Amino acid sequence: MHSKKILASIVCGLLVSANGVMAEDIKQGGTLTVPIINTGFVENFNPYTSGGLFEGVLFEPLMVFNNMTGKVEYRLAESAEYSTDLKTITVKLRDNLNWSDGKPLTAKDVAFSFTMTKSAPAFDQKAIWSSGNLASVTATDAKTIVFTLNNADSTFIWGLPKYHILPEHVWGKVAAKDLPTFTNPNPVGSGPMTDIKYLKPQQMQLCRNTNYYLENRPYIDCITYRSYNDNSQVQPALMKGEIDWGSNFIADIENTFVAADPKNNHFWYPANDAIHLYVNTKEAPFDNLNVRKALSMALDRDEIVDIAAYGYPTTNFNAGGIGELYTPYISKEVTEKYKDITTFNPEKAEQLLDDAGLKDLNDDGFRQMPNGDKVEFDINVVNGWTDWIQVVQMVTEYYEEIGIKANVKTVDWAVYDKGLKESEYKMSINWSMVATNPIEAYQAYFLTEQIGKSWHAGHGVNSAEIDALVNSFGLTNDVAKQQAILDQLQEFTASNLPFIPLFSNATWYQYRTENLVGWPSKENPYVQPVWYDGGKRNLIINNLHLK
Amino acid sequence: MFGLTLEFLNKVIDMNKSTTMAADTPVRSRKKEFQLKCHSVWMKTKAFFHGNPPAIIGVSLITIIILGALFAPVLSSHNPEKRVARPHEAPSTEHVLGSTRNGRDVYSQVLHGARKSLTVALFAGIIAMTIAIAVGVTSGYLGGKVDEWMNFITNVFLVFPQLPLLIVLAAFLGQVGSMVITVLLGVTSWPWGARVIRSQTMAIRNKEFIISAEAMGESKIRIILVEILPNLISIVFGGFLGTVIYAMGAEAGLGILGLGDATEVSWGSMLYWAQVSSSLYTGAWWEMLVPAAALALTGGALALINMSIDQVSNPKLKTGPHMKLWHKLNRETMKRRGLL
Amino acid sequence: MSFLLRRLGFYFTAFLIAISFNFLLPRMMPGDPIDALFAAAQGKMDPAQMDAVREMYGFMDGSIFEQYIAYIQSVFTLDLGPSVLMFPIDVTTVVGMSLPWTMFLALGSLIVSLILGVTIGTYASYRREGFFGQFVPPLLAFISNFPYIVTALLLFYFFGLQLEILPLAYTYDPSIDPGFTMEFIGSVAKHAVLPMGSMILVGIATWVFNMRNAMINVLGEDYVTMAEAKGLSSFRVMYRYAGRNAILPVATAIAMAIGFSFAGSIMTEVVFNYQGLGNILLKGIMARDYPLIQAILLILVSAVLTANFVADLLYVWLDPRISK
């Protein structure tokens, strides 16, 4: 009897505590140390000119579009909704929001923050004003802001979190022309850490906002930023346990970082943006679709990922233009239908090249054009992006096997940038857009108005129908209709092959569980662990706590 | 080396002049003269090395390195530009010095890299010294306005910080091949030599044999080439070696910063790839330390040779056995005089 | 006096030439800082923003001539504009933060190698036939002629990574506050050992050889024999007679060495992540931060010119014959 009672109470106790691993049990306190790659810290708290250091930390976003879970995490905003004609967005703020100096955070501040970027175009990060689509932003009451658009656009809302919500009582006093150089001393913010404890050239610390709108959050007390020269400096710091969260490429991570402390040192590299080999389809022999297919089949993507990139990225076999970052949107039919293009098959590749008339006429081991002209081209890559240089080197080796002479050309960023925008390349390795929804990637790929402006539009495959198709996306809010558009775009991309898929960049993410837990991980993928994205950073900071 | 040979050959030519004056010299003694000449060259060379360990070490090292570079294709075990192994394999019997991150054989790379790096350094040295001689001798010999202007230009170049300038130029020119680097190095490192040559030329200029040559009506060009230059040989050679050492170091520095051509195989680019693949942190020390050692040994060897040449041209600087010999002779003399 | 005035005139002209070149250099090269800014962000910035940002940084206005005049003005008023890399902090501040460290490194290692080198050189000249004179100079010659970068790497690897007795990066421990505390000074000293050590190793041979060769030349002179015949102590002979004359070529070499060591510190700073001018220069180059690059080159040129002038002053003081 007695022991049964004890047993029961123990079991009860356990059950209660299992459920109760909620706010009450989580310890408060702790410091997160994060590496920042820069030249040192200076007293500049203007979120638009401080290189993204303080987004999500000093300044809370309205909401976060979580592409990993597919949900919208509402932060300062409680809701954000489109009208049925897709020309109005109504954003409602939460109740009882305050700035770190105690003053209330109202819709007036939000409306001000947006209209301010009209007079400071350098701050207009998503071009909401310069594109001409935003007619007005008004605070209709203390909690509500209404965005009025000139044309229906269901994608507009995704740009909103990129604008920082700033206190009007501070920023309203700054003249428009002084905004770009305004350093915002003694910053007033709404994020989880607003108390600048200290700022030294190589290290700075921010501590908790006592007026934060979420109760008991953040669990941790402070964040320390440590400045490093570049990646190679971050690696030993991680290995020695000086920092908790790394967001850069680390060489041979299992043997260096993880081996140093297998219990506490972890990494997780979910797929990020898709990397492609861009082909200039306006020039021979690349204007021949079969030649492009051959160039794709000649590559053993798994080997490239394994050897050139240590196996960290995710191989991309999808010919539709998007990779595993957008898994929910990938059309399985398209991938299946075109999978032979991305399967390693050098014999088929050689056959396609033979059929296209590219044969080795003079027996030097390399093919020529039907008229005898040499086939030789450079593959552009930026000097200093060494993992990509290694990838391109391997690509040239594969091409040599099928008789195509290609060279690695490392160029300065300026040359690379110009080349991509103005199609001054034969072949170039290229990234793609990371966004809330893959339509933005397709906008960058195919909209004719983007040619010359975007890095991703120079391949030469365009058409008016595709333009219309891409633009039609913004006219509907219906998920099924949107997916249908995406499917069509993938089919178009795979059948025309304007660029050759390689792999998806890895989201560089290392973390240590020695002091803090609550990290996103493979077992708990609650957000894509990107430090450089203010919103995602904000979610993670709010979830970390002492062990 | 070069300077000494020339000096010896000069002396040899002089000897030759006096003995072949007679037109009816029999063939047999000409052969003997040739043997005498060889013998004298050989004696002079032995004298250079005798009791001069730095010279011996320096010359041997440099010879090994140059031979390695010259015979790189024969001595290499693999193609330095192909992937022949797994990344970062430790040194083994198949890959004597291990493999790089890209799976390339370090041993073959270091041999082929020697060719590139030595060529760049050598040609940079030649370019620099040629300009230095041209500017220094003209300025020192002609004097007057010409001297003032050239000296001014030299000084301006001298005060401009060369390495940062080099880095800025290399960075802005983008993917610079080794040709560009050679020219850049040559064009930025001549002022040192020019200044020294100028002062030496000015010192020689007032010597009697120059004045007599001018009095005889020899053309200025001939005076410069035949009378002045030979006397500058050791300085020029010393300066040449110094520039080569500097150029090698600069190429390595630019290389590791990624400002050279990372796709060519040279010691600098080997350092770059080693740096980029964090080879020191991942325990693949061979990728970084092999080219570093190669650079170190080459630089050091050249410095030893430079030092020995100093000793030959300025006998007062001789140390070691020469001093012992001198002391021994001195003691004998004193004994004879009854002073000891 | 006229000698000094002439030299001053020369330095001023050289300065003008240097800054003009400084002005032209970034403008002749491809690429502008805004593009480089986007390189780092790898496409996360909207292309539509670029023109506005360009204007913000002030890169658009005036003809080349107007820009040149404005530049000259800014040089003499030390108003060098905002840095792109650390916007909106202005360039003078950025340079001001890092210059002291480079000076510390360059001058510190110069002084140490000078003192050590001169002492070793003198002793080596005196003990020519002994082991010291025979072995040490060649050894130092060998080690000193490793390229800067190689010495730095070797020290970094063996003492920093392998033995872990000395720190690998920074000028001082980032968590310590700068100030005249023992803790801070100790940290600075500890962090300076390897970088300075590598620069000393590279620089010491010059002094050893300069001094040794000069001493040897001088020791053979008549007045030295005379002094010895008079019965003066060898210490007196070495330092007051021989040394004083031998120092002259060394003094001229110092001027050149200052310029060289400033430049050489770039490599050391990169390997050890030392927060000096060279490090910032490299970052500025990668980011095409023209104002910063120009400012740093300006500082380096000024430093070298000043050093040369000081050396001239020194020479006049040491050798009365020159000022005629």
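Of note:
- Cα-based shape type of the range C:271-314, given that a ≥ b ≥ c are square roots of the gyration tensor eigenvalues and the cut on a/c is 1.5: oblate
- Summed over qualifying helices (DSSP H, 4 residues or more, each -39500 (n - 2.57)) and divided by its residue number, chain A shows a 222 nm mean residue ellipticity of -7500 deg cm²/dmol.
- Residue of B:His327, B:His78, B:His88 that the Gaussian network model of chain B assigns the largest fluctuation, springs spanning Cα pairs under 10 Å: B:His327
- Highest mean first, the peptides C:190-203, C:266-279 sorted by other C-beta atoms within 10 Å per residue fall in the order C:266-279, C:190-203.
- For the range A:292-361, a/c is not less than 1.5, where a ≥ b ≥ c are the root eigenvalues of the C-alpha gyration tensor, and a/b does not top b/c. That puts it in the oblate class.
- Cross-link partners of A:Lys536 among aspartates and glutamates (Cα-Cα below 12 Å; sequence separation of 8 or more within a chain): A:Glu55, A:Glu60, A:Glu73
- Among the listed pairs A:Lys27/A:Lys547; A:Lys103/A:Lys173; A:Lys108/A:Lys173; A:Lys337/A:Lys426; A:Lys405/A:Lys453, those with a Cα-Cα distance over 19 Å are A:Lys337/A:Lys426; A:Lys405/A:Lys453.
- Here's how it looks for A:Ala135: its modeled amide H is under 5 Å from those of A:Thr148, A:Leu149, A:Asn150, which are all 5 or more places away or on a different chain.
- Estimated FRET transfer efficiency when R0 is 30 angstrom, pair A:Glu465-B:Val180 (beta carbons, to 0.05): 0.05
- Chain B: most fluctuating residue of B:Trp42, B:Trp273, B:Trp192 per GNM, C-alpha cutoff 10 Å: B:Trp42
- Phi-derived couplings, Karplus 6.51 cos²θ - 1.76 cosθ + 1.60 at θ = phi - 60°, listed residue by residue for the range C:104-120: 4, 5, 5, 5, x, 5, 4, 4, 4, 5, 4, 4, 4, x, 5, 4, 4 Hz, with x used for Gly and Pro.
- Cβ-Cβ FRET estimate between B:Val187 and A:Thr343, R0 fixed at 60 Å, reported to 0.05: 0.70
- Rounded to 10°, Cα long-axis angle of helix B:144-159 versus longest principal axis of chain B: 30
- 20 Å cut-off, amide nitrogen to a point 7 angstrom out along A:Asp141 Cα→Cβ, residues in the range A:72-100: A:76-84, A:88-98
- Placing a label point 7 Å from the Cα of A:Ser131 along the Cα-to-Cβ line, the residues of the range A:456-491 whose backbone N sits under 14 Å from it are A:470-476.
- Here r is the Cβ-Cβ distance between B:Trp326 and A:Ile451 and R0 is 56 Å; the resulting FRET efficiency, rounded to 0.05, is 0.10.
- Peptide C:134-144 shows a mean partner chain C-beta count of 6 within 10 Å per residue C-beta.
- Set of aspartates and glutamates with alpha-carbon distance to A:Lys240 below 14 Å, sequence-local pairs under 8 removed: A:Asp261, A:Glu514, C:Glu164
- Crossing angle, helix A:479-496 versus chain A [Cα axis fit, 0-90 degrees, rounded to tens]: 30
- Amide H contacts of A:Lys197 (H built 1.01 Å from N, under 5 Å, at least 5 apart or other chain): A:Gln205, A:Leu206, A:Cys207
- Chain B, helix-only ellipticity at 222 nm - DSSP H runs n ≥ 4, -39,500 (n - 2.57), divided by all residues, nearest 500: -24500 deg cm²/dmol
- To the nearest ten degrees, helix A:231-240 and the longest principal axis of the Cα atoms of chain A are 50 degrees apart.
- Candidate lysines for bridging to A:Lys177, where Cα separation is under 16 Å - those fewer than 8 sequence places away on the same chain excluded: A:Lys118
- Computed on the range A:397-462, with alpha-carbon pairs under 8 angstrom and 6+ residues apart, the relative contact order is 29 percent.
- Computed over the range A:429-547: relative contact order in percent, which uses C-alpha pairs under 8 Å that are six or more apart: 16
- Long-range HN-HN contacts of A:Asp273 with modeled amide H, under 5 Å: A:Asn505
- When chain B is treated as a Gaussian network with alpha carbon springs shorter than 10 Å, the biggest mean-square fluctuation among B:Met179, B:Met270, B:Met288 belongs to B:Met179.
Values quoted throughout were computed directly from the atomic coordinates according to the rules given, and no laboratory measurement underlies them. Since this is a predicted model, take the numbers as computed values, not measurements. Because the Cβ atoms are built from the backbone with ideal geometry, glycine has one as well, and the counts that use them run over all protein chains shown.
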